[in-house]
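S.K.: Handing you a structure now.
Any read-out appearing in this document is the output of simple, stated calculations on the displayed coordinates, not a laboratory observation. Nothing here was measured: the structure is a model prediction, and the numbers come from that model. Methodologically, a virtual Cβ is constructed for each residue, glycine included, from the backbone with ideal geometry; neighbour enumeration extends over all protein chains shown.
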Amino acid sequence: MKKVNYIAAGISALTIAGLLLPTGQVFAADINKTSVAEVNIQGGPITLDQVPDLNFGTIEIDKLIAGEVSQPLVDNTVPVGPVKTAADPKDGNATGDLSVTDNRGTNVGWELTAQLGDMKNAGGKALAGSMILKGTDIKTDNVSLNAINPGAALPELVIGGAAVSVWKANAATGTDDGQGQGKNTAVIKNAGGTTLKLKQNLTPTAGQYQAAITWTLADAPK
């Protein structure tokens with residue numbers, strides 16, 4: 001009867017099996033890994049960039065004595081006078097441009113108000129009335145424009161009265177991206193609807209009258 005060398009056979013079988021196994025076996029954990037890419041967006045300031053000067057030209061004294069006068073805007077060139085002095089020329093431009101830039105990246109909105117001061121001459125004589133502020137060519141980087149803007153029907157600015165909201169940008173919500181981010185511009189020029197309304201004055205004094213317009217930018221809407 002033929003004897004079988006089981007030990008030798010076992011060693012041969014293990015050797016053959018070893019040759020059949022892959023030498024560099026790869027598992028799933030070794031072929032899929034994750035890394036991270038990062039960028040930081042740096043916010044900037046919110047600024048009131050430009051505000052316009054407003055020149056309503058000349059009104060004949062007999063018209064003011066006869067009754068209320070509505071005088072349309074003539075241009076944006078205002079000379080030195082009782083308010084705009086050589087030493088303090090103020091901030092108004094002669095192009096009619098009004099602009100606000102919001103680069104904060106917070107999307108919390110903002111509000112621009114305007115207040116019309118006393119309309120006086122160098123001797124302190126005053127005129128009463130109000131101003132209709134109307135802008136055109138409204139442009140915004142943001143797709144949404146608030147209903148309160150220079151192109152809309154705004155409340156009149158009373159001479160010597162309270163501030164009026166002339167442009168508003170709402171804050172972002174859970175369903176809305178907000179308003180006013182980026183550049184926001186308007187033009188306030190002649191033929192745009194801006195008008196000075198002076199009340200009847202039975203004892204007017206001839207001369208040059210000026211009133212300061214105080215523009216205030218708040219970093220959040222009210």
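S.K.: 7 Å from Cα along Cα→Cβ at both residue 190 and residue 212: what's the point-to-point distance in nm?
M.R.: Roughly 2.8 nm, to one decimal.
S.K.: Okay, next question. Could you give the length gained on full extension between residue 39 and residue 84, defined as 0.36 nm per residue of separation minus the Cα-Cα distance, in nm?
M.R.: On the way: separation 45, 0.36 × 45 = 16.20 nm, distance 4.75 nm.
Here the answer is 11.5 nm.
S.K.: Say R0 is 41 Å: what FRET efficiency, to the nearest 0.05, do residue 222 and residue 31 get from their beta-carbon distance? Working shown, then result.
M.R.: Details: r = 58 Å, r/R0 = 1.41.
Between residue 222 and residue 31 the formula returns 0.10.
S.K.: Consider a paramagnetic label point 7 Å from the Cα of residue 47 along Cα→Cβ; state which residues of the stretch 106-136 have an amide N under 11 Å from it.
M.R.: Under cut-off, by backbone N: nothing.
S.K.: State the label only: which of (i) 36.6, 147; (ii) 20.9, 84; (iii) 18.0, 65 corresponds to Rg and Dmax of the Cα atoms in Å computed from the shown model?
M.R.: (i)
S.K.: In addition: If I model a spin label at residue 62 and residue 77 as a point 7 Å from the Cα along the Cα→Cβ vector, what separation in nanometres do I get?
M.R.: For residue 62 paired with residue 77, the spin-label model returns 2.9 nm.
S.K.: I've got another one for you. When the chain is fully extended, how far beyond the present Cα-Cα distance does residue 122 get from residue 94, taking 0.36 nm per residue of separation? Don't skip to the answer; put the middle values down first.
M.R.: Working: separation 28, 0.36 × 28 = 10.08 nm, distance 2.26 nm.
In short, 7.8 nm is gained.
S.K.: Still on this model: Taking residue 189 as the anchor, which aspartates and glutamates have their alpha carbon closer than 12 Å to its alpha carbon, excluding any fewer than eight residues away along the same chain?
M.R.: Answer for residue 189, where 12 Å is the Cα cut-off: 53, 75, 97, 137, listed by chain and number.
S.K.: Please check: in the Gaussian network model of the chain (C-alpha springs, under 10 Å), which one of 171, 87, 162 has the largest mean-square fluctuation.
M.R.: For the chain, modelled as a Gaussian network with Cα springs under 10 Å, the answer is 87.
S.K.: On to the next question. If each of residue 197 and residue 138 carries a label point 7 Å out from its Cα toward its Cβ, how far apart are those two points in nm?
M.R.: Each label point is offset 7 Å from its Cα along the Cβ direction, giving 2.0 nm.
S.K.: Grab the other residues whose beta carbon is less than 13 angstrom from that of residue 107, score K and R as +1, D and E as -1, and report the net.
M.R.: Values: positive: 104; negative: 102, 141, 176, 177, 219.
Summing Lys and Arg as +1 and Asp and Glu as -1 gives -4.
S.K.: With the contact rule set at Cα under 8 Å and sequence spacing of 6 or more, what percent relative contact order holds for the chain? Walk me through the numbers before you get to the answer.
M.R.: On the way: 471 pairs, mean separation 63.0, N = 222.
Rounded, it is 28 percent for the chain.
S.K.: Net charge around residue 137, counting only other residues with Cβ within less than 11 Å of its Cβ (Lys, Arg = +1; Asp, Glu = -1)? Each step should come with its number before you reach the end.
M.R.: Details: positive: 139, 189; negative: 97.
So the surrounding residues net to +1.
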